[in-house]
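*Asks:* Starting off with a structure, shown below.
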Amino acid sequence: MHELAIAESVIDAVTQRLPGAKVTCVHLEIGALSGVMADSIRFCFDMATEGTGMEGARLEISEPPAECRCRACGAEFQPDSPVVLCPCGSPDVAVLSGEQLKIVSVQVA
Amino acid sequence: MCATCGCADGAGTRHQHDDGTWHTHTVTLGEKVLARNDELARQNRDWLRARGILALNLMSSPGAGKTTLLERTASDLAGELVIGVIEGDQETALDADRMRAAGCKVVQVNTGTGCHLDAAMVREALTALNPPDGSVVVIENVGNLVCPALFDLGEAHRVVLASVTEGADKPVKYPHMFRSAGLVLVSKTDLLPHVDFDLARCTADLGKISPGATVLPVSARAGDGIAPWYDWLRQRTPS
């Protein structure tokens, strides 16, 4: 599943930025429209860190709502579904945020 | 100051508290998880653009008809367009064999247990393929409507196939995939008399999920709708 590739990318990115660091926690931000499931990431992260220097590290995941702006009526709204429609009914929508998949910070011993 | 042991943040020596927890400090990274894939994809995109090569990321569920459509396309447009192919499958070179027989230069990528192609795989495959300037490269992704959507390969356009045998509700069930599509090909239309498929509903749903996408019904076997697909290709191939 793609969450495994994503978990591995998290580990690679942290290890590259902070080689040799004892990382105890990783704070991820998963946007509501990113196509990634937090539970699957947790499962894959534990699998992927096993036997590495990051084994035992916790994952903290924040999932902020997406923010969109309708190009038809100008309204800004938070979609409640991955099929993004403005309350006015238009699908012509700009995604201001919600697709992010970000390592916000890590806790280092 | 650490609330557990009272030492200042970043006090230096790594240490554990009596309860076994590590004294830690926060390092802000603000890094995109897929930064490395995105960077490789950007490099792929630049490399392709510099050579005037049109690269398509062709995606669908397994068995929707990607390879059959490509075989027909390569055969009908032989002499007009040079089409190179990067085939992605977990195992076997079956699709590469078919495309070679259709006259295309092809590289097969086997992902093993992997469920999608990524930019690193495509970079290696492009090096092996060595497509000529001004040609078309079709990257036939692993059959999967979920995972490939997240991975930029450096393509110019994403083409997603949805066959009439899969039901008209695939776009709403897999919005991330279909939202990323520039072109949706509703395939196997020769089978419409034998299946329940509401083309109008599917097209309307696609209008909500991916308002900018072109939707073309096509049958590679019967040839219905094939000309608009070829026109779409021609319009985007650098002349």
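The values are calculated or read from the model by the stated rules, or taken from the named source; none is laboratory data. Just so you know, these numbers come straight off a predicted model, no measurement behind them. Please note: Cβ atoms are built from the backbone with ideal geometry, for glycine as well, and neighbour counts cover all protein chains shown. Protein only, heavy atoms only, side chains kept; ligands, DNA and RNA dropped before computing areas. Shrake-Rupley method; radii C 1.70, N 1.55, O 1.52, S 1.80 Å.
*Asks:* Looking for whichever is open to solvent by 80 Å² or more (accessible area, probe 1.4 Å), at pLDDT 95 or above and under 17 Å from B:S135 (Cβ atoms) here; the options are B:A50, B:A74, B:A55. Which one fits? It would help to see each step written out before you state the result.
*Replies:* On the way: B:A74 fails: open to solvent by 80 Å² or more (accessible area, probe 1.4 Å); B:A55 fails: open to solvent by 80 Å² or more (accessible area, probe 1.4 Å).
Exactly one of B:A50, B:A74, B:A55 is open to solvent by 80 Å² or more (accessible area, probe 1.4 Å), at pLDDT 95 or above and under 17 Å from B:S135 (Cβ atoms), namely B:A50.
*Asks:* Please verify whether the range B:54-61 includes one or more residues that are under 13 Å from B:E140 (Cα atoms), within 14 Å of chain A (Cβ to nearest Cβ) and touching a residue at least 60 places away in the same chain (Cβ under 8 Å). Talk me through it step by step, then tell me what you get.
*Replies:* Step one: of the range B:54-61, the residues under 13 Å from B:E140 (Cα atoms) are B:55-61.
Going one step further and asking which of them are within 14 Å of chain A (Cβ to nearest Cβ), we end up with B:59.
Filter again for touching a residue at least 60 places away in the same chain (Cβ under 8 Å), leaving B:59.
Yes - at least one qualifying residue is present in the range B:54-61.
*Asks:* Further question: Report yes if some residue within the range A:42-62 is without any contact (Cβ under 8 Å) to a residue 60 or more places away in the chain, of a type in the set (V, I, T) and out of contact with any helix residue (DSSP H, G or I) (no Cβ under 7 Å at 6 or more places or on another chain); otherwise report no.
*Replies:* Taking the range A:42-62 first, the residues without any contact (Cβ under 8 Å) to a residue 60 or more places away in the chain are A:42-62.
Those left that are additionally of a type in the set (V, I, T): A:49, A:52, A:61.
Of the ones still in play, those that are also out of contact with any helix residue (DSSP H, G or I) (no Cβ under 7 Å at 6 or more places or on another chain) are none.
No, there is no match, as no residue in the range A:42-62 is without any contact (Cβ under 8 Å) to a residue 60 or more places away in the chain, of a type in the set (V, I, T) and out of contact with any helix residue (DSSP H, G or I) (no Cβ under 7 Å at 6 or more places or on another chain).
*Asks:* Could you look through the range B:11-44, keep only residues that are within 27 Å of the chain's Cα centre (by Cα) and away from every other protein chain (no Cβ under 11 Å), and pick out the one that is most open to solvent (accessible area, probe 1.4 Å)? Let's see the steps before the verdict.
*Replies:* Taking the range B:11-44 first, the residues within 27 Å of the chain's Cα centre (by Cα) are B:30-44.
Cutting the leftovers down to away from every other protein chain (no Cβ under 11 Å) gives us B:39-44.
Working: B:E39: 68, B:L40: 16, B:A41: 0, B:R42: 113, B:Q43: 67, B:N44: 7 Å².
Filtering first and then ranking leaves B:R42.
*Asks:* Then there is this: Would you mind telling me which numbered condition in (1) buried (at least 18 other Cβ atoms within 10 Å of the Cβ); (2) within 12 Å of another protein chain (Cβ to nearest Cβ) A:T49 fails?
*Replies:* Unmet condition: (2).
*Asks:* Is there any pair linking a residue in the range A:82-109 that is more than 9 Å from chain B (Cβ to nearest Cβ) and open to solvent by 50 Å² or more (accessible area, probe 1.4 Å) to one that is part of a strand (DSSP E or B) and of a type in the set (F, W, Y), with Cβ under 7 Å and at least six apart or on different chains, and which?
*Replies:* Short answer, once both residue conditions are applied: A:P87/A:F77.
*Asks:* Could you list, in sequence order, the residues of the range B:89-112 that are in a strand (DSSP E or B) and open to solvent by 70 Å² or more (accessible area, probe 1.4 Å)? Show your work before the answer.
*Replies:* First, pick out the residues of the range B:89-112 that are in a strand (DSSP E or B): B:89, B:106-110.
Within the range B:89-112, B:N110 is the sole residue that qualifies.
*Asks:* On to the next question. Every residue in the range A:8-32 that is facing chain B (nearest Cβ under 9 Å) and either open to solvent by 10 Å² or more (accessible area, probe 1.4 Å) or without any contact (Cβ under 8 Å) to a residue 60 or more places away in the chain (or both), please.
*Replies:* A:S9, A:D12, A:A13, A:Q16, A:R17, A:L18, A:A21, A:K22, A:T24, A:H27
*Asks:* Shifting gears a bit: When you look at B:A125, is it open to solvent by 10 Å² or more (accessible area, probe 1.4 Å), part of a helix (DSSP H, G or I), over 19 Å from B:G63 (Cα atoms) and touching a residue at least 24 places away in the same chain (Cβ under 8 Å), yes or no?
*Replies:* On the way: open to solvent by 10 Å² or more (accessible area, probe 1.4 Å): no; part of a helix (DSSP H, G or I): yes; over 19 Å from B:G63 (Cα atoms): yes; touching a residue at least 24 places away in the same chain (Cβ under 8 Å): yes.
It is false that B:A125 is open to solvent by 10 Å² or more (accessible area, probe 1.4 Å), part of a helix (DSSP H, G or I), over 19 Å from B:G63 (Cα atoms) and touching a residue at least 24 places away in the same chain (Cβ under 8 Å).
*Asks:* Considering only the range B:156-239, give the helices (runs of 4 or more DSSP H) lying wholly within it that have at least 2 residues that are away from chain A (no Cβ under 14 Å). Quick ask: steps written out before the conclusion?
*Replies:* On the way: elements: B:170-173, B:175-179, B:199-209, B:226-236.
Hits in the range B:156-239: B:199-209, B:226-236.
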